[in-house]
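A.B. asks: Got a structure for you, questions after.
The values are calculated or read from the model by the stated rules, or taken from the named source; none is laboratory data. Computed from a predicted model, the values in this text were never measured in an experiment. Counting neighbours? That spans all protein chains shown, and the Cβs are built from the backbone with ideal geometry, glycine included.
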Amino acid sequence: MRTEQSARIIGHGANALASSILLVCTKRVSTAAVATRREFVARLKRQMPEALEKIKVAGVGPVDMAQSALGPGMGIFTSYAKVLEPDDSEMSHGYRAHQ
């Protein structure tokens, strides 16, 4: 959503956001599955390229892409009741997929 003014003082010569990024939250279904870390990462790899392309086509510029990608990634993560690490501990929401 392009809401930021390009003429603002901080916008000149700065790497400032050009858009406001909104996350819309919905309640997870009560029948949500439990996934392994491997399943979660595989789903990220399958679904994120299309999600990122949609964001790009919508006009979000490179400076805002990392922030915009949070929504689809969190949508995948939070669709599971929990994601389990190899030791069966629950993955925290602070996980970064490139680790």
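A.B. asks: Looking at ILE9, is it of a type in the set (Val, Ile, Thr), surrounded by 11 or more Cβ atoms within 10 Å (Cβ to Cβ) and modelled with pLDDT under 75?
C.D. replies: No.
A.B. asks: Go through region 71-85 residue by residue and tally those that are surrounded by 14 or more Cβ atoms within 10 Å (Cβ to Cβ) and either free of Cβ contacts under 8 Å to residues at least 40 places away in the same chain or part of a helix (DSSP H, G or I) (or both).
C.D. replies: The number of residues fulfilling the criteria is 7.
A.B. asks: Continuing with this model, one more query. VAL57 fails exactly one of the following numbered conditions: (1) modelled with pLDDT of 85 or more; (2) within 18 Å of ALA32 (Cα to Cα); (3) exposed (fewer than 11 other Cβ atoms within 10 Å of the Cβ). What is the number of that condition?
C.D. replies: Unmet condition: (2).
A.B. asks: Kindly provide the set of residues from region 60-70 that are part of a helix (DSSP H, G or I) and surrounded by 16 or more Cβ atoms within 10 Å (Cβ to Cβ), ordered by number.
C.D. replies: Within region 60-70, ASP64, SER68, ALA69 meet the criteria.
A.B. asks: Please enumerate the residues belonging to region 19-32 that are surrounded by 11 or more Cβ atoms within 10 Å (Cβ to Cβ) and touching a residue at least 24 places away in the same chain (Cβ under 8 Å).
C.D. replies: Once the filter is applied, which keeps residues that are surrounded by 11 or more Cβ atoms within 10 Å (Cβ to Cβ) and touching a residue at least 24 places away in the same chain (Cβ under 8 Å), region 19-32 yields SER19, ILE21, ARG28, ALA32.
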